[in-house]
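Have a look at the structure below before the remarks.
The values are calculated or read from the model by the stated rules, or taken from the named source; none is laboratory data. Quick caveat, the model's predicted, so the values are computed rather than measured. Heads up, the Cβs are rebuilt from the backbone with ideal geometry, glycines too, and the neighbour counts pull from every protein chain shown.
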Amino acid sequence: MKRFETILLILACMFMLLSSAGYAQDMSAKDIVREAEDQWQGEKSSISTMTMKIIRPTWERTIEMKNWIKGRHFALTLITGPASEKGQTFLKRHNDMWHWMPSIGRLIKLPPSMMSQGWMGSDYTNDDILKESSIVTDYQHSLIGEEPVNGRVCYKIRMIPNEDAAVVWGKVIKWISKQHYNQLKSEYYDEDGERVRTELLSHLKSMDNRIVPTHIEVTPEDEKNKKTVLELNQIKFNRDIPDGFFSQQNMKRVRP
């Protein structure tokens, strides 16, 4: 009887392994990218606190922030430190983007031409922070191999922008882990095929019942001794955030 039960257990395990392998094989490159995006910012929404350190050869600067993201259409970022920057907010609502500067009481609408510019002097672009473009819908995805990153086997996916997509990059290559679908490495290229920056994600931790990277380093290719380091301090996924939260009025009164 015990032998029969053991055989059944082995068969069940084999079935589960084959099913999961089949599921992975059935997934397209776009499916993998979508899974990674949902893993990072939630299927519906996310609320996070982060610390960004901008490192330059002669100086360093630290910015603290809180982010609210809902799907692709809504994002709000509040600067919580340092004191000189505190209270600034950035809002994306559908295709419109604004910057509120409380020190001068001015609300500035950001044109699409500013999406490629550095956000707050960092190596991130306004597009990165405000999530104007979508890595799922604005690109064509191709699975070009598998490679390890920090000891974790990853899908290697090439992303070429759609002809009508308003994106910053000419090409993106991403390494997405097979386990947990975490984006562990990204390379960003300009329209001439030259690599502009590299992004490495590490320090995987459990936050709000899912595994996510909590340490991100962005290194530009054109200048040495420069980088931006982002630490994810806390994140909560799929909380109920009303659309009205993402408004110009709330930009001026939102609190951490």
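Remarks
- Pair list, Cβ under 9 Å, 6 or more apart: region 22-34 residue modelled with pLDDT under 90, other residue of a type outside the set (Ser, Thr, Tyr) and surrounded by fewer than 15 Cβ atoms within 10 Å (Cβ to Cβ): ALA24/LYS178
- Looking only at region 141-183, and only at residues there that are farther than 17 Å from GLU37 by Cα and in contact with a Leu (Cβ under 8 Å, 6 or more places away or on another chain), the one that is surrounded by the fewest Cβ atoms within 10 Å (Cβ to Cβ): ASN150
- Tally of residues being more than 16 Å from ILE69 (Cα to Cα) and either touching a Leu at 6+ places or on another chain (Cβ under 9 Å) or charged (D, E, K, R) (or both) across region 231-256: 3
- Residue within region 220-241 that is among the aromatic types (Phe, Trp, Tyr) and within 25 Å of TRP169 (Cβ to Cβ) present: no
- Among the residues of region 202-213, some residue qualifies, meaning at least one is surrounded by 13 or more Cβ atoms within 10 Å (Cβ to Cβ), of a type in the set (Asp, Glu) and more than 27 Å from GLU147 (Cα to Cα).
- Here LEU107 fulfils each of the conditions (1) crowded, with 18+ Cβ neighbours inside 10 Å; (2) touching a Phe, Trp or Tyr at 6+ places or on another chain (Cβ under 6 Å) apart from (1).
- Complete set of residues in region 225-256 that are polar (S, T, N, Q) and not in a strand (DSSP E or B): ASN225, ASN238, SER247, GLN248, GLN249, ASN250
- Restricting the first member to region 51-69 and to residues that are over 10 Å from GLY81 (Cβ atoms), and the second to residues that are surrounded by fewer than 17 Cβ atoms within 10 Å (Cβ to Cβ) and among the β-branched types (Val, Ile, Thr), the beta-carbon pairs closer than 6 Å and six or more apart or on different chains are LYS53/THR62.
- Taking first residues from region 232-243 that are touching a residue at least 40 places away in the same chain (Cβ under 8 Å) and farther than 17 Å from GLU43 by Cβ and partners that are hydroxyl-bearing (Ser, Thr, Tyr) and assigned to a strand (DSSP E or B), the Cβ contacts under 6 Å between residues at least 6 apart in sequence or on separate chains come to LEU232/THR214; ASN233/THR49; GLN234/THR49.
- Pairs linking a residue in region 108-130 that is without any contact (Cβ under 8 Å) to a residue 24 or more places away in the chain to a residue that is aliphatic (A, V, I, L, M) and surrounded by fewer than 19 Cβ atoms within 10 Å (Cβ to Cβ), with Cβ atoms under 8 Å and 6 or more positions apart or on different chains, are ILE108/MET101.
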